Amino acid sequence: MHYHIILTKECNLNCSYCGGGSDTPPKEIQYKISDLKSFLSKDKAPVVEFYGGEPLLRIETMKNIMDTIPGRFVIQTNGIFLDKIESEYLKKFNSILVSIDGSKEVTDFNRSNGVYDKIIRNIKLIRERGFCGDLVARMTVPQGTDIYANVRHLAGIEEFGHVHWQIGFEMFWESGLDDDKELEEWIQSYNSGISSLVEWWVREMELTGCVPGIVPFIGVMRSLLSGKQSRLRCGSGIDFFSVMPDGRISACPVSIDFDFSIIGSILNNDPHSLCNKACVGEPCISCDIFNICGGRCLFVNRSQDMLRRNGYEQICLTVRHLVHELEEVVPHVRELIRSGIISANEFEYPEFNNGCEIIP
Ligand code: SF4
Ligand code: SF4
């Protein structure tokens, strides 16, 4: 199973849509690494994902865990301190997810001046130092983002193997209420950008014989091709848990301050006893595309009272559109596989849950 380990709640950036994450104490790890080891030893194949705040602010703790606990390692970082990881540890990572929102202009606007250039320098450096795992550009998409231009930009950076994105929560919260009409207009333009991206994605397959690493498209297409049903794709509360600094376990790494999300503790629970303790409810389970979407996000599903009027419907418009556009190109993709232009194996991603939620 997959475990986010929150190494600290502190962050060195103050991104416009985040503001530094959870402020509730404790901010730093209170449990012993031996307690974490003992908890994870009951899982035969743990995937450990370092998370924060910014996990690389506690690089010594991270290295200590990597030295102590056998498992596969992933990190989700803002990329600023990637140059501080020695080659020996870089090579132990299966995947590195770097938060970057698109072009220099967009990334620096959201994250601070100079962040984009620092990330680009650091991802080149970690490749030179021998990191040959999966490097994922992980975008947050606030209202107003040109999704087509920014995904294309990141997909063109050779160091990144994959691009993934998540639509920002804040535009759907009641507290962030701006003009309803502006949100509706942006969703229309986002959906139109998704249509253009799908068109480009399939054209690239034809031209190059490779499937561009667009994570939401690959994950959904994999299900459409195989016919396999999917549960909540991020896995929160199913096979994906977050260890908070005080040792309590949250179903999701973002909703750590919400009661519904707290399902146990590394001191009192075995990993397998946590499965299915927090699940999505209506309107998802009656939804006609539940088996493809999986419910998108446990946090939003369980916090519907915090959403703006029609907030859930607005989010679902984006999911429905993405699934519809991919369904439309299934015959074309099947034909490309049948004629040997692309391999069906290219859709076998991710190999294991690597922290990409698949549904944006
Ligand atoms: S499309 Fe919306 S209602 Fe349907 S499963 Fe996904 S999140 Fe739930
Ligand atoms: S998609 Fe939602 S439930 Fe899943 S990890 Fe992200 S915030 Fe948590």
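The values are calculated or read from the model by the stated rules, or taken from the named source; none is laboratory data. From a predicted model like this one, the values you see are computed outputs, not experimental measurements. Neighbour counts are summed over all protein chains in view; Cβ atoms, including those assigned to glycine, are modelled from backbone coordinates with ideal geometry. All accessible areas refer to the heavy atoms of the entire protein, side chains included, with ligands and DNA or RNA removed. Shrake-Rupley method; radii C 1.70, N 1.55, O 1.52, S 1.80 Å.
So the values come out like this:
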item: Whichever residue in region 139-174 is among the small types (Gly, Ala, Ser) and in a loop (DSSP other than H, G, I, E, B) and, among such residues, is farthest from ligand 2 (Cβ to nearest atom); result: Gly156
item: Residues of region 322-360 classified as touching an Asp or Glu at 6+ places or on another chain (Cβ under 8 Å) and either open to solvent by 50 Å² or more (accessible area, probe 1.4 Å) or within 16 Å of ligand 1 (Cβ to nearest atom) (or both), total; result: 1
item: Extreme residue, most open to solvent (accessible area, probe 1.4 Å), among residues of region 245-269 that are away from ligand 1 (no atom under 16 Å from the Cβ), in a loop (DSSP other than H, G, I, E, B) and of a type outside the set (A, V, I, L, M); result: Asn268
item: Candidates Gly237, Gly209, filtered to the one that is more than 23 Å from Ala45 (Cα to Cα) and either within 16 Å of ligand 1 (Cβ to nearest atom) or of a type outside the set (Val, Ile, Thr) (or both); result: Gly209
item: Test: residue in region 295-308 that is under 25 Å from Leu7 (Cβ atoms), open to solvent by 50 Å² or more (accessible area, probe 1.4 Å) and in contact with a strand residue (DSSP E or B) (Cβ under 7 Å, 6 or more places away or on another chain); result: no
item: Pick from region 97-116, criterion touching a residue at least 24 places away in the same chain (Cβ under 8 Å) and on the phi > 0 side of the Ramachandran plot, ranking: least open to solvent (accessible area, probe 1.4 Å); result: Gly102
item: Condition met for Ser242 (within 16 Å of ligand 1 (Cβ to nearest atom) and under 23 Å from Ile65 (Cβ atoms)); result: no
item: Residues located in region 54-70, provided they are surrounded by fewer than 22 Cβ atoms within 10 Å (Cβ to Cβ) and assigned to a loop (DSSP other than H, G, I, E, B); result: Ile69, Pro70
item: Filter result (of a type in the set (Gly, Ala, Ser) and either more than 27 Å from Phe352 (Cα to Cα) or open to solvent by less than 40 Å² (accessible area, probe 1.4 Å) (or both)) within region 1-35; result: Ser16, Gly19, Gly20, Ser22
item: Residue under evaluation Ile69, criteria (1) in contact (Cβ under 8 Å) with a residue 40 or more places away in the chain; (2) touching a strand residue (DSSP E or B) at 6+ places or on another chain (Cβ under 7 Å); (3) farther than 25 Å from Thr140 by Cβ, criterion not met; result: (1)
